[in-house]
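Reading through the structure tokens given below for one structure.
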């Protein structure tokens, strides 16, 4: 169940898809090319991978810099969307996804 948004009508790209159970105050949508480059870089480390139960949505969180995280969301058709945010915003949001019954931490 979505806790934010209104059916994905935000065209600015400054919101995570409605299936994601949290919202981040400081969020930037990145191009696929830039997002892919950042997560593939040797300096980026994976923080966690999450899967949505019952649907093929997935979410991965990467540490990009000391204070910046990158979130990769994979849609049911396999498209990747990338978002950048602050480490502090993510830390405040993590309990929400941990407690969400529809999201599971991947192995």
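Brief remarks on what is shown
- One residue from 16, 24 being touching a helix residue (DSSP H, G or I) at 6+ places or on another chain (Cβ under 7 Å), closer than 12 Å to residue 71 by Cα and either at pLDDT 95 or above or assigned to a loop (DSSP other than H, G, I, E, B) (or both): 24
- Residues (part of a loop (DSSP other than H, G, I, E, B) and closer than 10 Å to residue 83 by Cα) located in the stretch 27-71: 31
To keep it simple, each residue is scored yes or no on (1) surrounded by 13 or more Cβ atoms within 10 Å (Cβ to Cβ); (2) over 12 Å from the mean Cα position of the chain (by Cα); (3) closer than 15 Å to residue 16 by Cα.
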site	(1), (2), (3)
38	yes, yes, no
41	no, yes, no
56	no, yes, no
62	yes, no, no
68	yes, yes, no
71	yes, no, yes
77	no, yes, no
80	yes, no, yes
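The values are calculated or read from the model by the stated rules, or taken from the named source; none is laboratory data. Note that the coordinates shown come from a computational prediction; the quantities given were computed from them, not determined experimentally. Don't worry about glycine lacking a Cβ; one is built from the backbone with ideal geometry, like all the others, and counts go over all protein chains shown.
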